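First the structure, in the form of structure tokens, and then the observations on it.
What follows draws every value from the coordinates through simple rules; no lab data is involved. Quick caveat: nothing in here was measured; it's all calculated off a predicted structure. Methodologically, a virtual Cβ is constructed for each residue, glycine included, from the backbone with ideal geometry; neighbour enumeration extends over all protein chains shown.
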Amino acid sequence: MTLAPPDMLCFALHSTALAVHAAYVPLLQPLGLTYPQYLALSALNAQDGQTVGKLGAELRLDSNTLTPLLKRMESAGWLRRTRDSQDERQVRLSLTEDGRALAARAAGVPRAFAEKTGLPQSDLADLRDILAALRDKLKPARP
């Protein structure tokens, strides 16, 4: 039995991911952020001082994608990259004062996105959990 794309789970996930990214553009553009920058900023705002490796694992981004992103954020003055004093192989990331101010300005983005969906908060939480479980079954987080 052959399914047409609208009947495929993969198509529903892919087209929804595209729609989600597009919905974030008008929320992030006034802040001068791209979607990946927003994710990195949010992760660092939640836990500042983490290593590049830990951030990459959390965001599920390889270093060849993450490093240029972090360099652009550093050039914008939002974060600092410094060698760990205990282990020079590790690079630690810290938000600057400007980065913390930007994170504060971005604090309303999750609520604005949730409102855009028109879904109840409980449905959004259930959907997030289902999608995370599917993702983890298909590709577990790297250590």
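Just tell me which lysines come within less than 24 Å, Cα to Cα, of residue 71; anything on the same chain fewer than 8 places away is out.
Filter leaves 54.
5 Å is the cut-off here: which amide hydrogens, built 1.01 Å from N in the peptide plane, fall below it relative to residue 50, excluding neighbours closer than 5 in sequence?
Here 93 satisfy the definition.
How big is the dipole moment of segment 26-111 about its Cα centre under a simple scheme where the beta carbon of each Lys and Arg is +1, that of each Asp and Glu is -1, and everything else is neutral? Debye, nearest 20, please.
140
With an 8 Å Cα cut-off and a minimum separation of 6 or more residues, compute the relative contact order for segment 26-111 in percent.
That works out to 33 percent.
Take the Cα gyration tensor of the chain, multiply each eigenvalue by 5, square-root it, and list the three semi-axes largest first, rounded to whole angstrom. Walk me through the numbers before you get to the answer.
Values: eigenvalues 181, 80, 36 Å².
They are 30, 20, 13 Å, listed largest first.
Would you pull out the residues with amide H under 5 Å of residue 96's amide H, same chain only if 5 or more places away, H placed 1.01 Å from N?
Those lying under 5 Å, H to H, from residue 96 are 79, 80.
In whole angstrom, how far apart do the alpha carbon centroids of segment 21-92 and segment 120-143 sit?
Here the two parts' Cα centres lie 21 Å apart.
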